[in-house]
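Worksheet for the structure shown next.
The values are calculated or read from the model by the stated rules, or taken from the named source; none is laboratory data. Everything quoted here is computed from the prediction, not taken from an experiment. Heads up, the Cβs are rebuilt from the backbone with ideal geometry, glycines too, and the neighbour counts pull from every protein chain shown. Surface areas here come from the heavy atoms of the whole protein model, side chains and all, with no ligands, DNA or RNA. Shrake-Rupley method; radii C 1.70, N 1.55, O 1.52, S 1.80 Å.
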Amino acid sequence: MCESEMRIRYISSFAVDTLHSMINRALLEMLCNTFPGKVVCYASASSMHSLTTGLGDKIAESRKIYVPRGSKRIYLLLRYLCSAFQNVRLLLSSKHNDILFFNFNNVFSLKAIDIINRRLKRRIVVCCHGELEYLVNSEKHSRAYKRLMIRLTNSYFGKPDRNPAPGMRFIVLGDVLLQNLRPLVSPRLYERFSSIDHPLIGSPANSDEATEKNDGTIRLGTVGIMNEYKGSDNLLMLAKKLSDNRDISLHIVGHIQCDPEPFQKAGISIPSNPKEPLPEYEFGRSVSELDYILLLYPTDTYRLIASGAILDCIRFRKPVIALRTDYFEYLFDKLGPFGILVNDIDEMAKEIERIGKTPLPQYDFDKIASTLSPNHLTPQLAEIISRPLEKT
């Protein structure tokens, strides 16, 4: 391969605005660290600035591609379809020495990419996110578009004799996810998977701008999207158990994808416009005002998916109180504890009552963040990308 002609096509064909901004920005930075001046970034106009700021001449070129915006489900479907088209188009237009890095695994285009690459034989790396969870928790999703996603995911990853096209690699964000994946996919497909930890880009600029509290209240809140899958029922149960404690306040910081009225009736503070994602600055300010971050995902979830919310705990230097999952236990074992893991909502309510009297110890968030920094994780990503093509 002639290094002077090589280009890394970093393809962000799904994200708009600040969607997946931390992982997308971190992955791009890691690629630029590995291949300075050889990365061509393809992304939407609305996400390009946050994606590329600070990378300077490490990026060879930035090219804007069309990605539909909008929060309604019809726009989500359009975004998947448009992203699939862009993915295939960029693969077909690639050159022999190009390496294609897809920061989002769009299952609408995955089979097409596999088929095309059997002829083109490009080196392709696909970063997997939440779609693999459909292999183990498909029954938890009833919406029509989720059922379609489940079918597409299982038709590729669940095929018992799946043998991906030469050059195709997949990444999951954590060793425990890779371990849990082994019995669910074909041996040949599993050989193409590698893991790196979910990278973390430092604490936000406004993380210390929380308003001064003088009422003695302990503020606990969920961050990011709130829906049934992410623990809406558990939050309501917790609010009921803590309803008599005037020294504790519960908050939702993020986009509510279910009916917000039950949260209001339960005395939980919600955003003024709960059906829309919070602007980045408002999200940062609101998280900074919390004392603890709550993670209420059911304990049988997050076996094949990393959690951006628990990374926010580290990013904002906030201890976590979470229901135990495979992924959370993995992080605590690898990085050291930075909060409390519990088995159920009853135990969580008791722990919250306790911390009002006995504060949690201080955690070394700076050390944990350093372990998950792009600079620290770059060698792992470089090794995955640099592996030679498989023999046909």
Distance in nm between pseudo-label sites at Ser46 and Thr217 (7 Å out along the Cβ direction from Cα): 3.2 nm
Two-site FRET efficiency, Ser71 against Arg147, from Cβ-Cβ distance with R₀ of 22 Å, rounded to 0.05: 0.60
For mean projected area of the Cα convex hull in nm², calculated from these coordinates, the label among [x] 25.1; [y] 18.6; [z] 20.5: [y]
Which of Arg122, Arg317, Arg151, Arg63 is most accessible, then next, and so on - probe 1.4 Å: Arg151, Arg63, Arg317, Arg122
Solvent exposure ordering (accessible area, 1.4 Å, most first) of Glu131, Glu228, Glu353: Glu228, Glu353, Glu131
FRET efficiency, 1/(1 + (r/R0)^6) with R0 25 Å, evaluated for Asp247 and Glu347 via beta carbons: 0.80
Fully extended contour minus Cα-Cα distance, from Glu228 to Ser155, at 0.36 nm per residue: 23.7 nm
Helix-only mean residue ellipticity at 222 nm for the chain, each DSSP H run of n ≥ 4 adding -39500 (n - 2.57), per residue, nearest 500: -11500 deg cm²/dmol
Inter-part distance where the stretch 315-392 and the stretch 84-157 are each reduced to a Cα centre, Å: 27 Å
Efficiency of FRET from Cβ geometry, Ser272 and Lys240, R₀ 25 Å, rounded to 0.05: 0.55
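So, for the chain, what is the accessible surface per residue at a probe of 1.4 Å, expressed in square angstrom?
Accessible area per residue, the chain: 45 Å².
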Rounded to the nearest 10 Å², the accessible area of Val88 at probe 1.4 Å: 30 Å²
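Looking at this model, which pairs from Lys140/Lys265; Lys72/Lys159; Lys111/Lys334; Lys38/Lys146; Lys38/Lys275; Lys146/Lys367 are more than 30 angstrom apart at the alpha-carbon?
Lys72/Lys159; Lys111/Lys334; Lys38/Lys146; Lys38/Lys275; Lys146/Lys367
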Heavy atoms of Asp346 accessible to a 1.4 Å probe, total area in Å² rounded to 10: 80 Å²
Tyr190 versus Arg63: modelled label distance in nm, points set 7 Å from Cα along the beta carbon direction: 3.8 nm
Ranking by accessible area, most exposed first, for His96, His198, His20 with a 1.4 Å probe: His96, His20, His198
Computed label-point distance, nm, for sites Leu81 and Ser138 using a 7 Å Cα→Cβ extension: 2.4 nm
Quotient of Cα Rg and 2.2 N^0.38 Å for the stretch 225-301, N being how many residues it contains: 1.06
Surface/4 of the Cα convex hull for the stretch 1-109, nm²: 6.5 nm²
Heavy atoms of Ile171: accessible area, 1.4 Å probe, square angstrom to 10: 0 Å²
